[in-house]
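Visitor: Supplied in structure tokens, the structure appears directly below.
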Amino acid sequence: MSVDTITILLPTKNGQKLAVCATIGLEEEIAEDIRIPMGLGFAGHIAASGEQMIVKDLSKVEIVSPILRNRGIQSMVGVPLVVNDETNGVLHVGMFRSYEFTRDDAQRLQQVAFRIGSAIEPLLKSWKLLSLLS
């Protein structure tokens, strides 16, 4: 899959919002410390529902981060980041031109998200333990 942006969002300590923890193409989201409320916007909806989302025209959907529009993202596909059968974030990719992502694209991205989830599982466990102790 050839894309212009790729972003991983993980829950904040209180679990009420998502924060960009890694990205290529949307680095401003980290610099500006963008937070996405669960259930709102593209990523918030994916995190709350645990469902994949494909958007051909980003101007037709609610988004929280103004950077997506400011940078000119036109099309996106996003999937839940699943760790131990639980949604623990979002992985999404985007294009600066209109593009029709397919269900096969979403499934391939979901496979990448499963691998990322497996790799970050120990980190998420330690974050949860730390938040319980603090």
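The values are calculated or read from the model by the stated rules, or taken from the named source; none is laboratory data. As the structure is a computational prediction, the values presented were derived from the model and not from experiment. Backbone-built Cβ (ideal geometry, glycine too); neighbour counts: all protein chains shown.
Visitor: Take the range 5-34 and flag every residue that is closer than 21 Å to VAL83 by Cα, among the charged types (D, E, K, R) and within 13 Å of the chain's Cα centre (by Cα).
Guide: Selection gives LYS17 alone.
Visitor: Within the range 59-79, track down each residue that is among the aliphatic types (A, V, I, L, M) and in contact with a His (Cβ under 8 Å, 6 or more places away or on another chain). Please lay out each step first, then the result.
Guide: Start the filter on the range 59-79 by keeping residues that are among the aliphatic types (A, V, I, L, M), which leaves 61, 63-64, 67-68, 73, 76-77, 79.
Residues satisfying the conditions are MET76, VAL77, VAL79.
Visitor: In addition: Scan the range 35-48 residue by residue and report those that are touching an Asp or Glu at 6+ places or on another chain (Cβ under 9 Å) and more than 18 Å from VAL82 (Cβ to Cβ).
Guide: Hits for the range 35-48 are LEU40, GLY41.
Visitor: Counting just the residues of the range 79-134 that are within 19 Å of GLY15 (Cα to Cα) and basic (Lys, Arg), which one comes out modelled with the highest pLDDT?
Guide: Checking each candidate, the answer is LYS125.
Visitor: Between a residue in the range 109-122 that is more than 15 Å from MET53 (Cα to Cα) and any residue that is of a type in the set (Gly, Ala, Ser) and buried (at least 17 other Cβ atoms within 10 Å of the Cβ), which pairs come within a Cβ distance under 7 Å, given they are 6 or more apart or on different chains?
Guide: Sorted first by the residue in the range 109-122, then by its partner, the list stays empty.
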